[in-house]
Amino acid sequence: MRVVDENGNLFGSINVIDAIVVVAVVSATVSGMTFAFGINPVQILMGQSDMTSTETVNRTIGVEVRGVPPYTSEAIPAEGAAKSSNISVRDKTVEPTTVFVTNESGHFQQRTHPYKKSVTMTLQVQATKTQGNTTFHGTPLKVARTLTLDFENVTVNATITEV
């Protein structure tokens, strides 16, 4: 028996062009689902992945809040749980914000801002882990990502500096 017969059918029953189209559509669908949703449909069909597996985990992260007024830096608690109770401050350091200014000759110089502060903190957060991705309020816990932190007296945007 020939693989492709005189009518262009694969194994005598399937048109070669139709088979190629079906393979291309299935490949595009699998690739699209993996890219768009972060899931692998092949693993799901094989029973190797559970899409509903979500767990709460505690993570220690380092964050920095730059260029805030002194009253904002003072409103962030030094230690303890925040309003939402899923954030706990472990360590807090407040320093003047470093800025770069141009001198008379046009060169940049590093100076401390006379007013604004930078707050560096170590936080314990209750994060959500789903399919190997750890997030806090929907934001992946990765260096350089920005988190919105709601403390009792103040809400700030902080940049993750270490995970």
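Assorted remarks:
- Filter pass, VAL125 being surrounded by fewer than 16 Cβ atoms within 10 Å (Cβ to Cβ), aliphatic (A, V, I, L, M) and under 30 Å from THR34 (Cβ atoms): no
- In the condition set (1) surrounded by 13 or more Cβ atoms within 10 Å (Cβ to Cβ); (2) at positive phi, PRO77 is compliant with all but (2).
- Being over 18 Å from VAL65 (Cα atoms) and either out of contact with any Leu (no Cβ under 6 Å at 6 or more places or on another chain) or without any contact (Cβ under 8 Å) to a residue 40 or more places away in the chain (or both) is a property that holds for PHE108.
- Those strands (runs of 3 or more DSSP E) lying entirely in the stretch 85-148 with at least 1 residues over 23 Å from the mean Cα position of the chain (by Cα): 87-102, 108-130
- Any chance LYS117 is in contact (Cβ under 8 Å) with a residue 24 or more places away in the chain and surrounded by 11 or more Cβ atoms within 10 Å (Cβ to Cβ): yes
- Failed condition for ILE61, given (1) within 30 Å of PRO114 (Cα to Cα); (2) modelled with pLDDT under 90; (3) among the hydrophobic types (A, V, I, L, M, F, W, C): (2)
- Picking from residues in the stretch 1-24 that are out of contact with any Lys or Arg (no Cβ under 9 Å at 6 or more places or on another chain) and part of a loop (DSSP other than H, G, I, E, B), the one that is modelled with the lowest pLDDT is MET1.
The values are calculated or read from the model by the stated rules, or taken from the named source; none is laboratory data. None of these values were measured; they are calculated from a predicted model. Here the Cβ is made from the backbone with ideal geometry for all residues, glycine too, and neighbour counts use every protein chain on show.
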